[in-house]
Amino acid sequence: MKQPKPEQYHEKKRHTEDQFPYNTYLCTIPDDFTEVPVHWHEEAEFIVIQKGSGTVFVDLTHYHVTAGDIIIVLPGHLHAIREISGQKMEYENIIFSVDLFRSRNHDTLDSEFFLPLLSGELNIKSIYDRDDPLYESLSSCLNRVDTLCASTPKGYQLALKSCYFEFFYTLYTHAEQKAETSDRKNHAKNLDRTKAILSYIDRNYKEAISIADIASYCGFSESHFMRFFKNTMGVSFTTYLCDFRLNIAARLLVTTDDSILSIAESCGFFNLSYFNRTFKKKYGVTPGEYRKR
């Protein structure tokens, strides 16, 4: 069986249709999957927590999220979704192209709102919870969108757009222009560095990657790189790399007929006993048992 292409950090999978670039679907962690790895894409993404709790990572910050929370991920921004051990989380994923709401003539709506929004000049929060003063207005818009998408009456796309224009209006009228501070510049630079590191992992995870290799690629000393990665991602580089490889191996075990040895080697594990041991530690079963489930 042909191996599927592993999910990339810069995700190029198309989530929407050209004619109406908008899509929504429900997910449950860990029933559907244990996590959505760190990635970014060209569409905007709203995550609405329906039940339970979990962890969402947006632009170098981890958030504990619970039912009702609205998470806003702008195009090109890093994000991930992870379970909290022993807890289940149901959430709605809304993915759309911002071009759906932008004028082709680049009118004042574009120049005064969408361009500053996409460039990070507007101070839009990543998470709006029930205690936020904007929550009721934002939640009401999304609830109306859900009703429209469930029934899809004639012309529902017009009503859907009107709901989102109201959503964006609420954000815009309460957003402040971000000052061009050194902290903001450093944050943007760290995001770019993190994307570069994650892209490097995606291209090279099948090979042996040493701290010296990745540090040299970033132009860091080894100690500086290890501190930067731990402070940014919350785990050490070696732990993160191992976990990333295991996630890919788990997918290959259930989507291909390749031998366990072949899968281990294709994911950068060149010692089968080590692969079996670390796999069981993460998933609670051996690779062979995982494949049979």
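Inspect the stretch 118-125 for any residue being more than 24 Å from residue 99 (Cβ to Cβ) and of a type in the set (D, E, K, R) and give the result as yes or no. Lay out the reasoning, then the answer.
Start the filter on the stretch 118-125 by keeping residues that are more than 24 Å from residue 99 (Cβ to Cβ), which leaves none.
Looking for residues that are more than 24 Å from residue 99 (Cβ to Cβ) and of a type in the set (D, E, K, R), one finds none in the stretch 118-125, hence no.
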Check your understanding: Picking from 122, 138, which residue would you name as being touching a Leu at 6+ places or on another chain (Cβ under 9 Å) and at pLDDT 95 or above?
Key -> 138
Practice item. Restrict the check to the stretch 57-71 and report whether at least one residue is farther than 30 Å from residue 283 by Cα and assigned to a loop (DSSP other than H, G, I, E, B). Key: no
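If only one of 59, 99 is surrounded by 17 or more Cβ atoms within 10 Å (Cβ to Cβ), in contact (Cβ under 8 Å) with a residue 60 or more places away in the chain and not aliphatic (A, V, I, L, M), which one is it? Give the steps one after another, and end with the answer.
Values: 99 fails: surrounded by 17 or more Cβ atoms within 10 Å (Cβ to Cβ).
Going through 59, 99 in turn, just one is surrounded by 17 or more Cβ atoms within 10 Å (Cβ to Cβ), in contact (Cβ under 8 Å) with a residue 60 or more places away in the chain and not aliphatic (A, V, I, L, M): 59.
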Review point. If we only count helices (runs of 4 or more DSSP H) wholly inside the stretch 137-229, which ones have 3 or more residues that are more than 21 Å from residue 243 (Cβ to Cβ) and open to solvent by less than 90 Å² (accessible area, probe 1.4 Å)?
Key: 156-173, 182-204
Check your understanding: Being in a helix (DSSP H, G or I) and without any contact (Cβ under 8 Å) to a residue 24 or more places away in the chain, is that true of even one residue in the stretch 231-238?
Key -> yes
Check your understanding: residue 110 passes all but one of (1) open to solvent by 60 Å² or more (accessible area, probe 1.4 Å); (2) farther than 24 Å from residue 63 by Cβ; (3) assigned to a helix (DSSP H, G or I); (4) free of Cβ contacts under 8 Å to residues at least 12 places away in the same chain; which number fails?
Key -> (1)
Exercise for review: Can you work out which of the residues in the stretch 278-289 that are under 25 Å from the mean Cα position of the chain (by Cα) and buried (at least 17 other Cβ atoms within 10 Å of the Cβ) is farthest from residue 32 (Cα to Cα)?
Suggested key: 278
Practice item. Taking residue 131 as the residue in question, decide whether it is of a type in the set (D, E, K, R), in a loop (DSSP other than H, G, I, E, B) and either over 21 Å from the mean Cα position of the chain (by Cα) or surrounded by 15 or more Cβ atoms within 10 Å (Cβ to Cβ) (or both). Key: yes
Practice item. Test residue 118 against the criterion of being farther than 26 Å from residue 229 by Cβ, open to solvent by 30 Å² or more (accessible area, probe 1.4 Å) and not acidic (Asp, Glu), and give yes or no. Key: yes
Review point. What number of residues in the stretch 17-36 are open to solvent by 40 Å² or more (accessible area, probe 1.4 Å), modelled with pLDDT of 85 or more and either under 16 Å from the mean Cα position of the chain (by Cα) or within 11 Å of residue 88 (Cβ to Cβ) (or both)?
Key: 7
Point to revise | Test: residue in the stretch 163-174 that is farther than 22 Å from residue 72 by Cα and not aliphatic (A, V, I, L, M) | key: no
Review point. Being open to solvent by 80 Å² or more (accessible area, probe 1.4 Å), in contact (Cβ under 8 Å) with a residue 40 or more places away in the chain, at negative phi and of a type in the set (A, V, I, L, M, F, W, C), is that true of even one residue in the stretch 248-269?
Key: no
Check your understanding: Does residue 275 fit the bill of being open to solvent by less than 60 Å² (accessible area, probe 1.4 Å) and closer than 29 Å to residue 196 by Cα?
Key -> yes
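Any residue that is more than 19 Å from residue 164 (Cβ to Cβ), touching a Leu at 6+ places or on another chain (Cβ under 7 Å) and surrounded by 19 or more Cβ atoms within 10 Å (Cβ to Cβ) - is there at least one of those in the stretch 79-88?
Restricting attention to the stretch 79-88, the residues satisfying the condition of being more than 19 Å from residue 164 (Cβ to Cβ) are 79-88.
After this cut, where a residue has to be touching a Leu at 6+ places or on another chain (Cβ under 7 Å) as well, the list is none.
No; the residues of the stretch 79-88 include none that is more than 19 Å from residue 164 (Cβ to Cβ), touching a Leu at 6+ places or on another chain (Cβ under 7 Å) and surrounded by 19 or more Cβ atoms within 10 Å (Cβ to Cβ).
Can you tell me which residue is nearest to residue 203 (Cα to Cα) among those in the stretch 249-293 that are of a type in the set (Gly, Ala, Ser) and in a helix (DSSP H, G or I)?
Restricting attention to the stretch 249-293, the residues satisfying the condition of being of a type in the set (Gly, Ala, Ser) are 249-250, 259, 262, 264, 266, 268, 273, 284, 288.
Filter again for in a helix (DSSP H, G or I), leaving 249-250, 262, 264, 266, 273, 288.
Values: 249: 16, 250: 18, 262: 18, 264: 17, 266: 12, 273: 25, 288: 27 Å.
If we take residues in the stretch 249-293 being of a type in the set (Gly, Ala, Ser) and in a helix (DSSP H, G or I), then 266 is nearest to residue 203 (Cα to Cα).
The values are calculated or read from the model by the stated rules, or taken from the named source; none is laboratory data. Because the structure is predicted, anything quoted here is derived from the model rather than measured. All Cβ positions, glycine included, derive from the backbone under ideal geometry; neighbour counts span all protein chains shown. Keep in mind that these areas ignore ligands, DNA and RNA; they rest on the heavy atoms of the full protein, side chains included. Shrake-Rupley method; radii C 1.70, N 1.55, O 1.52, S 1.80 Å.
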